[in-house]
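Participant: Below are the structure tokens for one structure; questions will follow.
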Amino acid sequence: MSSIAFLKNMNIFRSRLPRICGIRKFCSEDCGDEKKGLILGMYEGENEEPVFTKAANKFNEHLGGKLLDLVKKFDHLLDMAGPDLRRGNARIFNNIDKEFWSITVVGLGKEKLGYNEMEAIDEGLEAVREAAGLGAQVLKREGVTRILVEGLGHPEQAAEGSALALWRYQENRSRQHWRVIPTLELFDDCDAESFQRGLFKAESQNLARRLSDTPSNQMTPLHFAQETVNELCPCGIKVMVHDKDWIEQKKLNAFLTVARGSCEPPVIVEISYCGASQDQKPILMCGKGITFDSGGLCIKKCDGMDNYRADMCGAAAIIAAIRAASALSLPLNIEAIIPLCENMPSGMAMKCGDVVMGLNGKSIMITDTDNEGRLILADAMVYGQQMYKPRLIIDVGSLTPGIRAALGSCASGVFCNSQTIWSQVRKAGVITGDRVWRMPIWKFFTKKVSNFRSHDVNNKGLGHGSACIGAAFLNEFVDCVDWIHFDTTGVGFKSEHKVYPYLTKGRMTGRPTRTLIQLLYQLSCPAEGQRKIE
């Protein structure tokens, strides 16, 4: 992507962002009564001696060495020199510089951290995200309203970590109780483009978090479609919203079977992003858009059912990734099909034992009404293949609790029919820190969903391995084309534990939005900016 194209789209995208996005270099002018904070980095040197980053060392010299003296003094007084220099720790100092209300020094761990094969992650990049996120949270608690963050060696990742850490869902609180979200600016670093790119990615994930966290009565299929129009159309992306009559005309019967249990009308959102020539085959993206999943007649337990307002997190991640692709001017074509409906129990709801005809002509028996996601994705993928003849299919959805049982919240489960494509997905997870783990789509599982005498495919299948069986079901609706299936049940819902310091516990995560963005970047710019991973 050229700098001209990048800057051309920057203004369009920036208009869609909250006040968190600002970029400037450090200046010594007093900026009035606002509370300014500064994030600086520190490495763990030999003999547990602190080693400042370049910007921190420069600022320390500006203070006449006072910052280093304070760090050493407090470490000595508390006898905590070792732990405080490690990753995930921060020191905060107030009133040591007339311009900044608070200055926080964050630990980056050891210098020159890199790719860890066993952990499948770039530890250097992740350390920057964690440190920037921690520093932003600390300064926010101090009442700082304007945060300057140094690049910490990787401005893009510093922007990601700090912007993700500052996000809060507070749309349903009274305005007088809203907490101020500090602005973010780059400090003493000339790589403003990388910092802005990081903000693009983080704000895209924050969009997915907001969509997922909104209560289901406020995020119905129609509301989701309207949000999609509001977010994508200003970026020049074509969005078409199809109603129930259109869906019936196209004979998307499996989707309609799921939707008929709810009084909320179903919607298909069709998105077209054209960043390359028309003769280039597009990437087809399909996202599970169940705006509330009660389980249907196979109803879920009441405890925790409210979390299933985020059963459209796959669709949200795709919307956010496409918006970022436009902001970054990625040279590829993307077509997205987003089926949106609710899965509810009623007199019209689908029943266990019902048989419905999929769009590709295969008969589907519905054995479990709580396995609705695979039904709507099947029709969406077949329709997309018939319409656009894609070179690659990417579907994202919170499909099975089995993947959460297997991987927890550490990684998305990925099913892929191409070793080459899988290597790109894995690389994207390593770079973003939002990891992926490959799961099998063996014929063993295909037989579990297709070996029936009375119908072609079963939506529950036989035996254990629900995540693999769900993927095998979807594979029955994929033609001879490269295909990636993200099962995000473990990563896309509410963050129950502090897995990532920069993601708020108790709120939706928006994952794997940044991994999708990175994957699209790699597919569009294979020779540009790739971090080598053996």
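Participant: Given axes a ≥ b ≥ c from the Cα gyration tensor, I'd like to know whether segment 162-215 is rounded (a/c under 1.5), prolate (a/b larger than b/c) or oblate.
Facilitator: It comes out oblate by the Cα gyration axes.
Participant: For segment 26-189, what proportion of DSSP beta bridges, expressed in % and rounded to the nearest 5, is antiparallel?
Facilitator: The antiparallel fraction comes to roughly 40 percent.
Participant: What percent do you get for the relative contact order of segment 26-189 when only Cα pairs under 8 Å and 6+ apart count?
Facilitator: For segment 26-189, the relative contact order is 26 percent.
Participant: Enter the angle in degrees (range 0 to 90, nearest 10) between the Cα long axis of helix 3-14 and the first principal axis of the Cα atoms of the chain, meaning the one along which they spread out most.
Facilitator: The helix 3-14 is inclined about 80 degrees to the chain.
Participant: If the reach is capped at under 22 angstrom between alpha carbons, list the lysines near LYS281, excluding any in the same chain fewer than eight residues apart.
Facilitator: LYS238, LYS389
Participant: Shifting gears a bit: Kirkwood-based Rg over Rh for the chain (C-alpha set), two decimals?
Facilitator: Rg/Rh: 1.00.
Participant: Indicate the gyration tensor shape class of segment 26-189 (rounded, prolate or oblate), computed on the Cα atoms with a ≥ b ≥ c the square roots of the eigenvalues: a/c under 1.5 is rounded; otherwise a/b larger than b/c is prolate and the rest oblate.
Facilitator: It is oblate, given that a/c is not under 1.5 and a/b is not larger than b/c.
Participant: Let me check I've understood the local charge: for GLY384, count other residues with C-beta under 10 angstrom from its C-beta, Lys and Arg +1, Asp and Glu -1. What total comes out?
Facilitator: Net charge around GLY384: -3.
Participant: Just order 371-380, 410-419 by mean Cβ neighbour count inside 10 Å, highest at the front, would you?
Facilitator: Going from most to least packed, we get 371-380, 410-419.
Participant: Roughly how tilted is helix 513-524, in degrees to the nearest 10 and between 0 and 90, from the longest Cα axis of the chain?
Facilitator: That works out to roughly 80 degrees.
Participant: If the cut-off is a Cα-Cα distance under 24 Å, which lysines reach LYS110, setting aside same-chain residues fewer than 8 apart in sequence?
Facilitator: LYS54, LYS58, LYS66, LYS72, LYS73, LYS427, LYS498, LYS532
Participant: Less than 19 Å apart at the alpha-carbon level, and either on another chain or at least 8 residues along: which aspartates and glutamates does that give for LYS448?
Facilitator: The reachable aspartates and glutamates, counting only those whose Cα sits under 19 Å from LYS448, are ASP354, ASP368, ASP370, GLU372, ASP456, GLU476, ASP487.
Participant: Say each of ARG141 and ASN172 gets a label point 7 Å from the Cα, pointing the same way as Cα to Cβ; how far apart are those two points in nm?
Facilitator: 2.6 nm
Participant: Still on this structure: Give me the one-decimal nm value for the distance between modelled label points at LYS498 and MET118, 7 Å along each residue's Cα-to-Cβ direction.
Facilitator: A separation of 2.5 nm, rounded to one decimal place.
Participant: Net charge around PRO282, counting only other residues with Cβ within less than 10 Å of its Cβ (Lys, Arg = +1; Asp, Glu = -1)?
Facilitator: +2
Participant: For the chain, take the longest principal axis of its alpha carbons; what is the angle in degrees between that and the long axis of helix 466-475, to the nearest 10 within 0 to 90?
Facilitator: Tilt of helix 466-475: around 70 degrees.
Just so you know, all these numbers are worked out from the coordinates, no wet-lab data involved. Everything numeric here is computed off the predicted structure, so don't read it as measured data. With ideal geometry, Cβ positions are generated from the backbone for all residues, glycine too; neighbour counts draw on all protein chains shown.
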